[in-house]
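The structure appears below as structure tokens.
The values are calculated or read from the model by the stated rules, or taken from the named source; none is laboratory data. Quick caveat, the model's predicted, so the values are computed rather than measured. Cβ atoms come from the backbone with ideal geometry, glycine included; neighbour counts cover every protein chain shown. Heavy atoms of the whole protein, side chains included, go into the accessibility calculation; ligands, DNA and RNA do not. Shrake-Rupley method; radii C 1.70, N 1.55, O 1.52, S 1.80 Å.
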Amino acid sequence: MQEREPSTPAPVAPLPPVVAPATTPAGRPRRAVLAVALVVVVVALLATGLAVAYGIERTPSGAAVPAVPTVPAPTASRPPALRDLMPPTVRVGSAADGRWMSLDAEYGELLGSEFDAITPENAMKWANLEPSPDVYTWAGADQLVGFAEQHDQSVYGHTLLGRSDVPRWVDPQWSAEQLRTVLRDHVTTVVSRYRGRVWAWDVINEALDEDGSLRDTMWLRKLGPGYIAEVFRWAHAADPGARLFINDYGVEGRTRKADGLLDLVRELRRAGVPVDGVGFQSHLRWDEQPRDMVGNLRRFARLGVSVAITELDVRIALPETAAKRQRQAALYRQVLQACLAVPACVSFTVWGFSDARSWIPSYHAGYGAACIFDAALAPKPAHAALMDQLRRLPSPTGAGPGPG
Ligand code: XIL
């Protein structure tokens, strides 16, 4: 169902220039030295004032570097955003693509102000990162990680081993040992590169079939069911600080597939495999809802793992109507409620935020308008519903509803 889409690596933003510390030229006559010293003092005083005004910091070695830009506080021109209202224990993220950031400044502004986490939509998929053996194209992923750091956002890495993004050069006819080697090298290279900069990884994506059994892939055939544990262990060895997730679709409610995933995660945890969390993609339809999502998330949480809403969108059967938008808004609200009702839920991520940039029309014929902002980046009822739900939360001080 899911075809690969080649991602065009976008240029990496240039690094800011480092200002060299001022030095006094040697060997000048005394008066000239004094004059230079005076100028240096005045410049230093001015620079300090400017540094304070513009938030420039000095490193211990004395080189000036721009401070990490903080996201501006809500003002009349920037109304409160999702990231302002979300409880601090839950990240609110969106899938993102560097191409849109380069093409559309408003897209980047909204991505930076509305969310405190981003998931690279395609840039970190194996086929895009390593298009030929041992040849890595980091630009697209680096661009997103850099953007996130500039906007005080976390990065949710997606994905180390996905069902539909293994490069074509990985040959299913290879021996088990060859396949294990390329897989281990890939996982180790990618996780090591972003060590400390990616807070969580989708280690395995879409490993289960609809009946809850392991999907028939070259990995299962050649390496056996233990391949899942191996990938988690390699990822953990490369970055022991990253939270490691297994992610899938069709597991949001109580389904056979969710039962299978629950059993798998229980077994992995029993065997001491470093699985920290379960991701629920949540690609939903406007006229359907998952069965007992809260109860389902809770039974996973009881295994001792975190849970996360990783790819939420709610597709509408076109044409879009006001009534369908309201149903969609109710469903977005319900998923947020489910996450907030389960203390183990650590993040709530939408799969793109703009109807102009969503994957839905190309993958689900007859559907669209799945996001919380419309194609012109105006907030839809779904955005209002999420904001309303967050405003109903008790404030962290316990003094009634939060900021309004
Ligand atoms: C999708 C992207 O959104 C598309 O741009 C791409 O062409 C195909 O993949 N589940 C996943 C994601 O885990 O990786 C998929 O992303 C959407 C479904």
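Taking the residues in segment 234-245 that are small (Gly, Ala, Ser) and part of a helix (DSSP H, G or I) as candidates, determine which candidate is surrounded by the fewest Cβ atoms within 10 Å (Cβ to Cβ).
Our first condition is that a residue be small (Gly, Ala, Ser); within segment 234-245, this holds for 235, 237-238, 241-242.
Right, trim to part of a helix (DSSP H, G or I) and you get 235, 237-238.
On the way: Ala235: 24, Ala237: 14, Ala238: 20.
Among those that are small (Gly, Ala, Ser) and part of a helix (DSSP H, G or I), it is Ala237.
State yes or no: is Ser164 polar (S, T, N, Q), in contact with a strand residue (DSSP E or B) (Cβ under 9 Å, 6 or more places away or on another chain) and either at pLDDT below 95 or assigned to a helix (DSSP H, G or I) (or both)? Taking the combined requirement at face value, the residue satisfies it.
Name the single residue that is farthest from Val166 (Cα to Cα) among those in segment 77-101 being within 16 Å of the ligand (Cβ to nearest atom) and either part of a helix (DSSP H, G or I) or over 14 Å from the mean Cα position of the chain (by Cα) (or both).
Taking segment 77-101 first, the residues within 16 Å of the ligand (Cβ to nearest atom) are 93-101.
Subset that is either part of a helix (DSSP H, G or I) or over 14 Å from the mean Cα position of the chain (by Cα) (or both): 98-101.
Details: Gly98: 21, Arg99: 21, Trp100: 24, Met101: 25 Å.
Only one residue tops the list, namely Met101.
Cβ separations smaller than 7 Å between residues 6+ apart or across chains give the following pairs from segment 275-294 residues that are open to solvent by less than 40 Å² (accessible area, probe 1.4 Å) to residues that are more than 14 Å from the ligand (Cβ to nearest atom) and basic (Lys, Arg): Val275/Arg269; Asp276/Arg243; Gly277/Arg243.
Scanning segment 186-218 for residues that are hydroxyl-bearing (Ser, Thr, Tyr) and under 14 Å from Arg256 (Cα atoms) returns a single hit, Ser213.
Go over the candidates Val191, Val182 one by one and state the one that is outside any loop (DSSP other than H, G, I, E, B), open to solvent by less than 10 Å² (accessible area, probe 1.4 Å), at pLDDT 95 or above and away from the ligand (no atom under 15 Å from the Cβ). Lay out the reasoning, then the answer.
Details: Val182 fails: open to solvent by less than 10 Å² (accessible area, probe 1.4 Å).
None of the other options fit; the residue is Val191.
If the condition is being farther than 18 Å from Asp388 by Cα and open to solvent by 40 Å² or more (accessible area, probe 1.4 Å), then segment 79-103 contributes Thr89, Arg99, Trp100, Ser102, Leu103. Scanning segment 211-233 for residues that are open to solvent by 40 Å² or more (accessible area, probe 1.4 Å) and under 23 Å from the mean Cα position of the chain (by Cα) gives a single hit, Arg233.
Go through segment 274-295 and count every residue that is in contact with a strand residue (DSSP E or B) (Cβ under 9 Å, 6 or more places away or on another chain) and away from the ligand (no atom under 13 Å from the Cβ). Quick ask: steps written out before the conclusion?
First, pick out the residues of segment 274-295 that are in contact with a strand residue (DSSP E or B) (Cβ under 9 Å, 6 or more places away or on another chain): 274-287, 290, 293.
From the residues that got through so far, the ones that are away from the ligand (no atom under 13 Å from the Cβ) too are 274-278, 285-287, 290, 293.
Looking only at that region, the number is 10.
Any residue at all in segment 126-140 that is within 30 Å of Ala338 (Cβ to Cβ), of a type in the set (Gly, Ala, Ser) and out of contact with any Ser or Thr (no Cβ under 7 Å at 6 or more places or on another chain)? Steps first, please.
Taking segment 126-140 and keeping what is within 30 Å of Ala338 (Cβ to Cβ), we get none.
No.
Where strands (runs of 3 or more DSSP E) sit wholly within segment 246-358, those with at least 1 residues that are in contact with a helix residue (DSSP H, G or I) (Cβ under 9 Å, 6 or more places away or on another chain) and within 20 Å of Pro225 (Cβ to Cβ) occupy 277-280. Once segment 368-378 is narrowed to residues that are surrounded by fewer than 20 Cβ atoms within 10 Å (Cβ to Cβ) and in contact with a helix residue (DSSP H, G or I) (Cβ under 8 Å, 6 or more places away or on another chain), the residue that is farthest from Tyr332 (Cα to Cα) is Leu377.
Of the numbered criteria (1) over 25 Å from Ser282 (Cα atoms); (2) in contact with a Phe, Trp or Tyr (Cβ under 9 Å, 6 or more places away or on another chain), the one Gly226 fails is (2). The residue of segment 330-362 that is nearest to the ligand (Cβ to nearest atom), among those that are within 23 Å of Thr89 (Cα to Cα) and touching a Cys at 6+ places or on another chain (Cβ under 6 Å), is Gly352. If you check Ala384, Ala365 for being surrounded by fewer than 17 Cβ atoms within 10 Å (Cβ to Cβ) and either more than 16 Å from the ligand (Cβ to nearest atom) or under 21 Å from the mean Cα position of the chain (by Cα) (or both), only one passes: Ala384. Restricting segment 121-179 to residues that are open to solvent by 40 Å² or more (accessible area, probe 1.4 Å) and charged (D, E, K, R), the residue that is nearest to the ligand (Cβ to nearest atom) is Arg163.
Are any of the residues in segment 392-404 of a type in the set (Ser, Thr, Tyr) and farther than 30 Å from Arg266 by Cβ? Yes, segment 392-404 has at least one match.
Only a single item in (1) in contact with a strand residue (DSSP E or B) (Cβ under 7 Å, 6 or more places away or on another chain); (2) within 19 Å of Val90 (Cβ to Cβ); (3) open to solvent by 10 Å² or more (accessible area, probe 1.4 Å) is not met by Lys324, and it is number (2).
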